[in-house]
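Enquirer: Here it is, the structure in full.
The values are calculated or read from the model by the stated rules, or taken from the named source; none is laboratory data. This one's a predicted model, so the numbers in the text were calculated from it and none came from an experiment. Cβ placement follows ideal geometry from the backbone for every residue including glycine, while neighbour counts extend to all protein chains displayed. For the accessible areas, the whole protein counts, side chains as well, though only heavy atoms, and no ligand, DNA or RNA atoms are used. Shrake-Rupley method; radii C 1.70, N 1.55, O 1.52, S 1.80 Å.
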Amino acid sequence: MTDHPSTGPQQNQPVYPRATTAASRAVPASVSFPQIEEQVLKHWEADGTFQASIEQRDTSRGAEEFVFYDGPPFANGLPHYGHLLTGYVKDLVPRYQTMRGKRVERRFGWDTHGLPAELSAMKELGMTDKAEIESLGIEHFNDACRANVLKFTKEWEAYVSRQARWVDFENDYKTLNVEFMESVIWAFKQLYDKGLTYQGFRVLPYCWKDETPLSNHELRMDDEVYKDRQDPSVTVTFPVTGGGQLGEQLAGVNLLAWTTTPWTLPTNFSVAVGPDVDYAVVQAPEDGPLPGRHMLAAELVPAYAKDLGFTDSDEATAAEAAEAAVVSRHRGRDLAGLRYQPLWDYYADVEQWGTQHAWQVVVEDYITTTDGTGLVHQASAYGEEDQRSSEENGIPVILSVDAAGKFLPMFAEPTPSGQTPLAEIAGVQAFEANRAIIQRLAADGRLVREKSYVHSYPHCWRCRTPLMYKAVTSWYVAVTEFKDRMVELNEQINWIPENVKHGQFGKWLENARDWSISRNRYWGSPIPVWVSDDPNYPRTEVYGSLEELKEAFGDYPRNAAGEPDLHRPWIDQLTRPNPDDPTGKSTMRRVEDVLDVWFDSGSMQFAQVHYPFENREWFEDHHPADFIVEYIGQTRGWFYTMHILATALFDRPAFTNVISHGIVLGSDGQKMSKSLQNYPDVNEVFDRDGSDAMRWFLMSSPILRGGNLIVTEEGIREGVRQVLLPMWNAWHFFALYANTARRGAGYQAKTVTSDDERLTPLDHYILAATGDLVREVTAALDEFSVAGACEALRRYAETLTNWYIRRSRQRFYDEDFTAYDVLYTALETFTRVAAPLLPLVSEEVWRGLTGGRSVHLADWPDPADYVKDERAVELMELTRRIASAGSALRKQAKRRVRQPLARLTVVVPQARALAGTYEQIIADELNIKHVDLREADETDAASWGIGQQLVVNARAAGPRLGKDVQQAIKGAKSGDWSVSDGQVTAGGLELQEGEYTLTTTVSEELTDTAVTVLDDAGTSGGFLVLDTSLTEELIAEGTARDVIRSIQAARKEADLHVSDRISTTVTASPETIAAVEAHADLVKAETLSSELHLLQGETSEETRISVEAVETARA
RNA sequence: GGGCGUAUAGCUCAGGCGGUUAGAGCGUCACACUGAUAAUGUGAAGGUCCGUGGUUCAAGUCCACGUACGCCCA
């Protein structure tokens, strides 16, 4: 070893790094990963590495393609951990496939339409409802939406680039582009032509704030959709007027009906009972609040006793009194057809409202007696069950509120009987009207009970308003028509984790319902349906392309700039006379709705390339995708809508491999929240630990297997410690010695193969381990087991640094170039295999090693190039096991490692095979003068204080011995057992073969000897015996080594270079000086001391060291 | 309100058909090792296996009831 590599202009350039993005050509010992990352990113940009990685895989020259679809994010905010997590996977898999020789094109996509954009724009414009949008004008509003949704694209690009995600932003797709939208309306028309869309008037979850229905899957978007809410629950009376088989008998009885939505009572048109529920009629006290007869579920009578006027008395409780007052009982199914008196007469005009069958008792299976009274109020327009039940019984669906959820003006008008009982609710939002309605009920004597009721209730996933269920006109995709096929096609999809296939996703498909796809909003792809504005001349037209529109309307829809544009309001301006109207007065107008945004994102599979108007061939070759990834919630979102459209349009799946990962949680295990500050800032992590550290942390976690992940700074640091630093340190170590070899001329290493004759067992071991690494990572990534790949890399990094390099240091001092070549080979392979998981740091190290253009342009290592050498691995693992047990022995015997010991006896099954190198490693590692290897089966264990212990196998002996087995166990534990003539007896009981095991154990303490048992696989019956006795020679050598250590510390303290020669002065006690004198050559050699001055001090004096450079490489 | 699931070390979680000394990683502490390493090695402390009752020779494991929390659905 000679000169320091990085000094002076007169020096030759060092051999390593052969290429670097750093300003100076050096491999620093302490490294800033974020800094390296920034340099590599800049280099990639200037070099065009990403493009090259795609283009070098030329399909015309036989490269296969790996098709990746990018799920479009909605970018009206900055990316968070969830986006980064998905982004890392979206990068990692394509990088791996590229190295495997595939061509992987990656286009970025932007989801741009829909309510989130509108809400954001409304907030900016200071608006709260749709009327304000209408008065501003749709054109201006949509301009605001467009600007809003593109506001963060630059920031997104910055984040995505910083996370080292290679994706094409130039050639991206946006759902607002006219090409994309044209493909979307094409899809709608396809569905329409196949009879898979229809218009319906059905009850849907409805956001009265956003004035739009939500689709079923939007209720499942996240955990905050269902939140607890307090609502009033009321019980009201409906006096029976007749009807059904029991009408005469029950006339005058009050049906007690229960509801949690008092605001739907004005549209009460039926009361439902359960067919098998028992109902009781109770005669209430005449002096109570509700004299008369009342009907409710028999088992709920006690619960209502007090409301009905029963009181506790000396004889009986109120509940008992109420039970006693039951006058008759009836099965629910017998109550069908009973008619009752409505609460109010707003809908009494049968001609006008079609209510001839209203106000009757219907029988429904869904009725239970767990809440309320067992009789449930039904409003046909405000519940799915209510609507179905009502339609089956000929009861109309009538709305009492407008699009904003406010009661219609008709409530202020007089009813047919000339009353205005609910005048004050007209124009009031439904939930707000509850109070007034309840007061009216109380005033009219119809209110039995009011209670507040806390239940979990759905809220709008965007604006967090509590939803209402309400009948609305909506377009549907008839998913139920082809859901069986969707279930079949799901079988062709490989899900990670696999349980999602038949679990979360499979179950969802089996219960799929028709998809409500229209939204009564502004910013979205249009529903391309035109209808006649005169119901007397009905006609419906559907258009699936710009050309069809031009043909029908004379021109494309054009925006203010004159460009074809399918957005509102331009598309709404296309009208034409209704051809089916001979009067020529009616006009074809577009239905105002826009499409659910999920229709857009589900369409990306074809719309991103403007299929079928362009790229027909491309599409056929690139559908389905080989791989997509998003979070698990998308089983109800993007995964689902992609699957619907692929099934309906192409009869095949949209993707064949999919990772559905878990959710990233804050450091306290809660959902990440800006206000709680429960997660490390993304940019801080990038700046302090780097993108590769974050990637490693996320990718090595169980989150890709569906579990959730808690983000902590410690977790991120751990990855740095386990993999990034070992990789860098190994590289630095290699470069340091390769550069200083041959007195500074340096040595350029080359790849070795395992048949090289120069290789030592240690070399064979690391090369075999390298081959295993390649095989393991390849297998793991082939099945998308990213965490498995990380685990293999982590273990390998440990082996490489803490075993191979540590045990090979002397060979590097000695310039044994075989070791250089082996380390080069190991590192070069390691960095290639790590490249998808640590793309930035691997790049810097790999280029430094090879001088190549980019590790990401390199081919994935071929496992066949790495010979499998199980023997080399097995023997070295055994050696490591012995070294580890030996360390524990030293600890137990209180003999520090620097203190040499005379002898270690190693008794193991394959002791002979360890002779030579392995033996030497054990001696070095444990600082032992002589290692004595002995075969386990040829050694008398007892003479080393090794005995046997009996363990009763309770599982085998228990069934035979029954209760007695406890006695045998006790005997075995207390030593009350024996073996004679092969018969084992424990606790006085004879045990049979298989009912016990004999294990080796240390049974006897010997002086000057420490013994431990080795009993793993491969070492069974083995043990170690350490001679702990100390001679004066050994103590002296130990002392000398302590002094060496002190001198080394002093060298470091003095900031000397590794190769500096020094003059050393040691002042110490006479014993210490004597010990150093005896080992002067060793001390001088180890510490590069040209001169060694020994000064004898007082007996008790502490050792003092001073060092001074006498020959140095540095100026 | 219904259905499902979970409860084990300070934290995150493993613990096939019940088998007698309940494990891992991280964290904590001690010691050792270190001229590539920001590391590393060895060990220690830390447990009412949610509670109560039951089945059994034997229960963290099976059963019943209860408690707490989570998810899905009305």
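Enquirer: Of (1) closer than 16 Å to A:V629 by Cα; (2) open to solvent by 30 Å² or more (accessible area, probe 1.4 Å), A:G71 satisfies all except one. Which?
Expert: Only one criterion in (1) closer than 16 Å to A:V629 by Cα; (2) open to solvent by 30 Å² or more (accessible area, probe 1.4 Å) is unmet by A:G71, namely (2).
Enquirer: Scan region A:140-157 for residues that are assigned to a helix (DSSP H, G or I) and open to solvent by less than 60 Å² (accessible area, probe 1.4 Å) and report the count.
Expert: Pass one, region A:140-157, residues assigned to a helix (DSSP H, G or I): A:140-150, A:153-157.
Imposing the further condition that a residue be open to solvent by less than 60 Å² (accessible area, probe 1.4 Å) reduces the set to A:141-142, A:144-145, A:148-150, A:153, A:156-157.
Going through region A:140-157 one residue at a time, the tally reaches 10.
Enquirer: What number of residues in region A:440-483 are modelled with pLDDT of 80 or more, among the hydroxyl-bearing types (S, T, Y) and within 16 Å of RNA strand B (Cβ to nearest atom)?
Expert: So the answer is 2.
Enquirer: Still on this model: Residues that are touching a Pro at 6+ places or on another chain (Cβ under 9 Å) and surrounded by 16 or more Cβ atoms within 10 Å (Cβ to Cβ), at least 1 per element: which strands (runs of 3 or more DSSP E) completely within region A:1000-1072 meet that? Walk me through how you get there before you give the answer.
Expert: On the way: elements: A:1009-1014, A:1022-1027, A:1061-1068.
Ranges flagged: A:1022-1027.
Enquirer: How many residues are farther than 22 Å from A:H610 by Cα and without any contact (Cβ under 8 Å) to a residue 40 or more places away in the chain when one looks only at region A:537-560?
Expert: Here is the first cut: in region A:537-560, the ones farther than 22 Å from A:H610 by Cα are A:537-541, A:553-554, A:560.
Imposing the further condition that a residue be without any contact (Cβ under 8 Å) to a residue 40 or more places away in the chain reduces the set to A:540, A:553-554.
Number of matching residues: 3.
Enquirer: Continuing with this model, one more query. When region A:272-289 is examined, which residues are found to be under 58 Å from the mean Cα position of the chain (by Cα) and either crowded, with 18+ Cβ neighbours inside 10 Å or aromatic (F, W, Y) (or both)?
Expert: Within region A:272-289, A:A272, A:V273, A:G274, A:V277, A:Y279, A:A280, A:V281, A:V282 meet the criteria.
Enquirer: Do we find that A:V952 is over 30 Å from A:R896 (Cα atoms), touching a Phe, Trp or Tyr at 6+ places or on another chain (Cβ under 7 Å) and among the β-branched types (V, I, T) in this structure? Give the steps one after another, and end with the answer.
Expert: Details: over 30 Å from A:R896 (Cα atoms): yes; touching a Phe, Trp or Tyr at 6+ places or on another chain (Cβ under 7 Å): yes; among the β-branched types (V, I, T): yes.
It is true that A:V952 is over 30 Å from A:R896 (Cα atoms), touching a Phe, Trp or Tyr at 6+ places or on another chain (Cβ under 7 Å) and among the β-branched types (V, I, T).
Residue-wise test of (1) away from RNA strand B (no atom under 15 Å from the Cβ); (2) charged (D, E, K, R); (3) in contact (Cβ under 8 Å) with a residue 60 or more places away in the chain.
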| position | (1), (2), (3) |
| --- | --- |
| A:R1045 | no, yes, yes |
| A:A1050 | no, no, no |
| A:D1055 | no, yes, no |
| A:S1059 | no, no, yes |
| A:I1062 | no, no, no |
| A:A1068 | yes, no, no |
| A:E1071 | yes, yes, no |
| A:V1076 | yes, no, no |
| A:A1085 | no, no, no |
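Enquirer: Can I ask one more? Please pick out the residue among A:V500, A:V591, A:V531 that is β-branched (V, I, T) and modelled with pLDDT under 90. Step through it out loud before you land on a result.
Expert: On the way: A:V591 fails: modelled with pLDDT under 90; A:V531 fails: modelled with pLDDT under 90.
Only one candidate passes the filter, namely A:V500.
Enquirer: Pairs only if they're at least six apart or on different chains, beta carbon under 7 angstrom, first in region A:458-473 and under 23 Å from A:T267 (Cβ atoms), second part of a strand (DSSP E or B) and of a type in the set (V, I, T); list them, first residue then second.
Expert: Sorted first by the residue in region A:458-473, then by its partner, the pairs are A:Y469/A:V203; A:K470/A:V203; A:A471/A:V203.
Enquirer: Inspect region A:778-796 for any residue being within 16 Å of RNA strand B (Cβ to nearest atom) and outside any helix (DSSP H, G or I) and give the result as yes or no.
Expert: Within region A:778-796, not a single residue is within 16 Å of RNA strand B (Cβ to nearest atom) and outside any helix (DSSP H, G or I).
Enquirer: Of A:A888, A:A858, A:A936, A:A902, which residue is within 13 Å of RNA strand B (Cβ to nearest atom) and touching a residue at least 60 places away in the same chain (Cβ under 8 Å)? Let's see the steps before the verdict.
Expert: Numbers: A:A858 fails: within 13 Å of RNA strand B (Cβ to nearest atom); A:A936 fails: within 13 Å of RNA strand B (Cβ to nearest atom); A:A902 fails: within 13 Å of RNA strand B (Cβ to nearest atom).
Only one candidate passes the filter, namely A:A888.
Enquirer: A further question on this structure: Can A:Q352 be described as within 13 Å of RNA strand B (Cβ to nearest atom) and not aliphatic (A, V, I, L, M)? I'd like the intermediate steps shown before the answer.
Expert: Numbers: within 13 Å of RNA strand B (Cβ to nearest atom): no; not aliphatic (A, V, I, L, M): yes.
No; evaluated as a whole, the condition is false for this residue.
Enquirer: Hey, can you tell me all the residues within region A:969-997 that are assigned to a helix (DSSP H, G or I) and more than 8 Å from RNA strand B (Cβ to nearest atom)?
Expert: Our first condition is that a residue be assigned to a helix (DSSP H, G or I); within region A:969-997, this holds for A:969-974.
Listed by number, the residues that qualify are A:K970, A:G971, A:A972, A:S974.
Enquirer: Within region A:833-846, does at least one residue satisfy the condition of being open to solvent by 10 Å² or more (accessible area, probe 1.4 Å), assigned to a helix (DSSP H, G or I) and touching a Pro at 6+ places or on another chain (Cβ under 9 Å)? Before the answer, list the steps.
Expert: Taking region A:833-846 as the starting set, the residues that turn out to be open to solvent by 10 Å² or more (accessible area, probe 1.4 Å) are A:844, A:846.
After this cut, where a residue has to be assigned to a helix (DSSP H, G or I) as well, the list is A:844, A:846.
From what is left, the residues that are touching a Pro at 6+ places or on another chain (Cβ under 9 Å) are A:844.
Yes, that holds for at least one residue.
Enquirer: Being under 24 Å from A:G602 (Cβ atoms) and in contact with a helix residue (DSSP H, G or I) (Cβ under 6 Å, 6 or more places away or on another chain) is the requirement here; does A:V149 meet it? Reasoning before the result, please.
Expert: Details: under 24 Å from A:G602 (Cβ atoms): yes; in contact with a helix residue (DSSP H, G or I) (Cβ under 6 Å, 6 or more places away or on another chain): yes.
Against the criterion (under 24 Å from A:G602 (Cβ atoms) and in contact with a helix residue (DSSP H, G or I) (Cβ under 6 Å, 6 or more places away or on another chain)), A:V149 qualifies.
Enquirer: Can you pull out every residue in region A:575-591 that is touching a helix residue (DSSP H, G or I) at 6+ places or on another chain (Cβ under 7 Å) and either without any contact (Cβ under 8 Å) to a residue 40 or more places away in the chain or open to solvent by 60 Å² or more (accessible area, probe 1.4 Å) (or both)? Before you say what the answer is, go through the steps one by one.
Expert: In the first step, residues of region A:575-591 are kept if they are touching a helix residue (DSSP H, G or I) at 6+ places or on another chain (Cβ under 7 Å); the result is A:576, A:590.
A:R576, the sole residue that qualifies.
Enquirer: Taking region A:241-261 only, how many residues are open to solvent by 10 Å² or more (accessible area, probe 1.4 Å), at pLDDT 90 or above and among the β-branched types (V, I, T)?
Expert: Result for region A:241-261: 1.
Enquirer: I'm trying to understand the selection: among the residues of region A:607-637, which are away from RNA strand B (no atom under 16 Å from the Cβ), surrounded by fewer than 24 Cβ atoms within 10 Å (Cβ to Cβ) and in a helix (DSSP H, G or I)?
Expert: Answer for region A:607-637, where residues must be away from RNA strand B (no atom under 16 Å from the Cβ), surrounded by fewer than 24 Cβ atoms within 10 Å (Cβ to Cβ) and in a helix (DSSP H, G or I): A:R616, A:E617, A:W618, A:F619, A:E620, A:D621.
Enquirer: Among the residues of region A:1075-1087, are any open to solvent by less than 20 Å² (accessible area, probe 1.4 Å), over 24 Å from A:K894 (Cα atoms) and either outside any loop (DSSP other than H, G, I, E, B) or at pLDDT 90 or above (or both)? Give the derivation first.
Expert: Pass one, region A:1075-1087, residues open to solvent by less than 20 Å² (accessible area, probe 1.4 Å): A:1075-1076, A:1083, A:1087.
Then keep just the ones that are over 24 Å from A:K894 (Cα atoms); that gives A:1083, A:1087.
Filter again for either outside any loop (DSSP other than H, G, I, E, B) or at pLDDT 90 or above (or both), leaving A:1083, A:1087.
For region A:1075-1087, residues open to solvent by less than 20 Å² (accessible area, probe 1.4 Å), over 24 Å from A:K894 (Cα atoms) and either outside any loop (DSSP other than H, G, I, E, B) or at pLDDT 90 or above (or both): present.
Enquirer: Any residue at all in region A:854-868 that's surrounded by fewer than 17 Cβ atoms within 10 Å (Cβ to Cβ), modelled with pLDDT under 90 and outside any helix (DSSP H, G or I)?
Expert: yes
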